[in-house]
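The values are calculated or read from the model by the stated rules, or taken from the named source; none is laboratory data. It should be emphasised that the depicted structure is a prediction, and the values quoted were computed from it without experimental measurement. Please note: Cβ atoms are built from the backbone with ideal geometry, for glycine as well, and neighbour counts cover all protein chains shown.
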Amino acid sequence: MKDNITILAIESSCDETAAAVVVNGREVLSNVINSQIDIHKTYGGVVPEIASRKHIENIDPVIRAALEEAKVTLDDIDAIAVTYGPGLVGALLVGVAHAKALAFSCGKPLIAVNHIEGHISANFTEHNDLEPPFGVLVVSGGHTYLAMVNDYCEYEIIGRTRDDAAGEAFDKVARALGLGYPGGPKIDKLAKEGDPDAVDFPRANIADAPMDFSFSGLKSAVLNYLNSCGMQGTEINKADVAASFQKAVVDAITDRAIKMCEDKGITKLAIAGGVASNSYLRESLENECAKRNIKYYSPSVLMCTDNAAMIGSAAFYKYIKGETAGYDLNAVPGLGLTGTR
């Protein structure tokens with residue numbers, strides 16, 4: 001095998017069209033992202049049909065830009081990687097179809113990457129010392145997982161959400177507070193002005209699965225509180241509500257993440273996913289890890305968002321294990337971390 005493996009990666013699972021060139025899973029030569037946030041703000045969330053159409057318009061220019069920024073051509077590329085799930089089916093299909101066409105026309109291997117696995121691998125692009133085994137917390141708009149990374153591409157799920165993902169709860173509460181989309185960053189910003197102990201919102205505990213999460217009850221508690229205030233004519237302090245809600249989410253996540261480390265006897269914890277950019281969550285986990293001599297890893301805020309560099313990193317470890325895909329590769333919108341739906 002060559003000393004340096006250069007991978008062109010494509011990501012189109014939701015509303016970012018992205019392409020990147022990554023060497024050996026760690027060195028990012030380019031990472032181009034075309035975001036549709038401004039388009040979807042009007043609708044209060046991502047509109048799948050609009051997202052798919054924009055991916056079709058943007059994918060070729062984004063790939064060209066990634067190659068140009070990396071100062072490479074398709075001849076220098078060793079493999080083409082693409083996100084095949086989970087995500088919006090129409091959006092995924094744009095990336096999968098384009099990647100298959102490129103791989104076929106250039107005679108390059110095709111590598112199918114799980115989007116969640118990509119988020120985990122974002123840490124490899126910024127922390128050269130991070131190697132398995134380690135624990136990971138994945139928190140995003142569609143997923144909340146606690147897992148052990150036992151080896152590259154090998155995961156053991158320790159806990160997961162039973163209903164809403166953490167990011168989904170953030171978006172729904174932000175909408176109820178009239179903050180708009182995307183909800184996570186807006187709640188994070190507003191919460192800094194509020195009292196996190198102003199409202200005692202519940203933390204769910206599942207008796208038969210203590211490591212699993214549940215955020216639907218918390219979301220309902222916030223909505224009930226807002227409705228109750230409205231009916232009683234009580235003034236609502238939105239900053240206090242945002243801070244109290246955020247604290248309830250972060251407390252539940254932090255407690256379980258630390259418990260996983262203690263139960264498994266591990267000394268390294270990484271976070272990943274869009275909600276991993278939340279400043280209060282990052283601070284909480286960093287502080288608790290420091291108290292217990294657990295080494296804490298987090299990607300930069302940019303690398304927490306959907307991007308293609310993380311897909312290129314995950315793809316490298318599949319490539320060296322010989323895990324390539326055929327031209328019958330299809331989108332799997334409901335894909336889970338370990339391949340199950």
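Quick notes on this one:
- Yes/no for Glu283 being charged (D, E, K, R), touching a strand residue (DSSP E or B) at 6+ places or on another chain (Cβ under 9 Å) and either closer than 24 Å to Ala19 by Cα or modelled with pLDDT of 95 or more (or both): no
- Among the helices (runs of 4 or more DSSP H) confined to the stretch 20-112, the ones with at least 2 residues that are charged (D, E, K, R) and either closer than 28 Å to Tyr145 by Cβ or in contact with a helix residue (DSSP H, G or I) (Cβ under 9 Å, 6 or more places away or on another chain) (or both) are located at 48-70.
- The residue list Ile253, Ile187 contains one member that is of a type in the set (A, V, I, L, M), within 21 Å of Ile116 (Cβ to Cβ) and modelled with pLDDT of 95 or more, which is Ile253.
- Residue within the stretch 299-322 that is surrounded by fewer than 17 Cβ atoms within 10 Å (Cβ to Cβ), of a type in the set (Ser, Thr, Tyr) and under 23 Å from Ala66 (Cα atoms) present: yes
- Residues in the stretch 157-176 that are among the small types (Gly, Ala, Ser), under 20 Å from Asp208 (Cα atoms) and at pLDDT below 95: Ala165 only.
- Residue in the stretch 145-154 that is under 13 Å from the mean Cα position of the chain (by Cα), small (Gly, Ala, Ser) and either at pLDDT 95 or above or over 30 Å from Ile236 (Cα atoms) (or both) present: no
- Leading residue by the ranking (nearest to Asp263 (Cα to Cα)) among those in the stretch 148-173 that are crowded, with 24+ Cβ neighbours inside 10 Å and in contact with a Leu (Cβ under 9 Å, 6 or more places away or on another chain): Ala166
- A Cβ distance below 6 Å, combined with a sequence gap of six or more or placement on separate chains, defines the contacts here; from the stretch 280-293, residues that are farther than 18 Å from Ile187 by Cβ and in contact (Cβ under 8 Å) with a residue 24 or more places away in the chain reach residues that are β-branched (Val, Ile, Thr) and assigned to a helix (DSSP H, G or I) in the pairs Glu288/Thr254; Glu288/Ile258.
- You will find that of Gly184, Gly180, the residue that is within 25 Å of Ile37 (Cα to Cα), touching a Gly at 6+ places or on another chain (Cβ under 8 Å), surrounded by 20 or more Cβ atoms within 10 Å (Cβ to Cβ) and in the same structural domain as Ala276 (by TED's automatic domain parsing) is Gly184 and no other.
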